[in-house]
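One structure is given here, and the rest of the page talks about it.
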Amino acid sequence: MEQLVNEMKMEFLANSINEGFARVAVGAFVTELNPTIDELADIKTAVSEAVTNCIIHGYEQKEGRIWIQCSIVGKQVEISITDTGKGIRDIQQAMEPLFTTKPELERSGMGFAFMEAFMDEVEVVSELWKGTCVTMRKTIGEG
């Protein structure tokens, strides 16, 4: 079993301005694995989608906090993004491409589809009125 190489945790307000901060922070964290530009872009896009989901859907653009935990084991990065927002009623439906609960905001419904396309694994755990945790994994240097 491979040993933990590095780990970081951070917490920030669920404000749309912090989506860019989350992208850059996670991107900087994974640089020790020497990812390609494409791998780095994939990770940053997946993080953006997950953080945006917390802000738009979890907290409905109201006050809240988002937690990100990243770890590196071997060549794999694991990123967990958690909120304590309203949760997801039907995870399977929410993960269907083009499904959105916010059509009035012109949401494309592709957030989870992008996460799944850009990462090797995506797991979603959610409980109504308690929050959601999206955990994504990607192995660097295998693509």
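The values are calculated or read from the model by the stated rules, or taken from the named source; none is laboratory data. Remember, it's a predicted structure, so these values are computed and weren't measured experimentally. Using ideal geometry, Cβ is built from the backbone for each residue, glycine included, and neighbour counts are taken over all protein chains shown. Only protein heavy atoms, including side chains, enter the accessible area calculation; ligands, DNA and RNA are left aside. Shrake-Rupley method; radii C 1.70, N 1.55, O 1.52, S 1.80 Å.
Values for this structure:
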| quantity | calculated |
| --- | --- |
| Yes/no for MET95 being among the aliphatic types (A, V, I, L, M) and within 23 Å of LEU4 (Cα to Cα) | no |
| Count - residues of region 70-127 that are among the aliphatic types (A, V, I, L, M), open to solvent by less than 30 Å² (accessible area, probe 1.4 Å) and closer than 14 Å to ILE55 by Cα | 1 |
| Residue list for region 49-61, restricted to those being closer than 16 Å to GLU11 by Cα and either open to solvent by less than 20 Å² (accessible area, probe 1.4 Å) or outside any helix (DSSP H, G or I) (or both) | ALA50, VAL51, CYS54, ILE55, GLY58, TYR59 |
| Qualifying residue in region 109-122 (condition: farther than 24 Å from VAL24 by Cβ and of a type in the set (A, V, I, L, M, F, W, C)) | no |
| Single residue of GLU60, GLU78 found to be of a type in the set (D, E, K, R) and modelled with pLDDT under 95 | GLU60 |
| Matching residues, region 8-27, being in contact (Cβ under 8 Å) with a residue 24 or more places away in the chain, open to solvent by 70 Å² or more (accessible area, probe 1.4 Å) and part of a helix (DSSP H, G or I) | ARG23 |
| Residues within region 30-48 that are in a helix (DSSP H, G or I), open to solvent by less than 70 Å² (accessible area, probe 1.4 Å) and either touching a Gly at 6+ places or on another chain (Cβ under 7 Å) or over 28 Å from LYS62 (Cβ atoms) (or both), tallied | 8 |
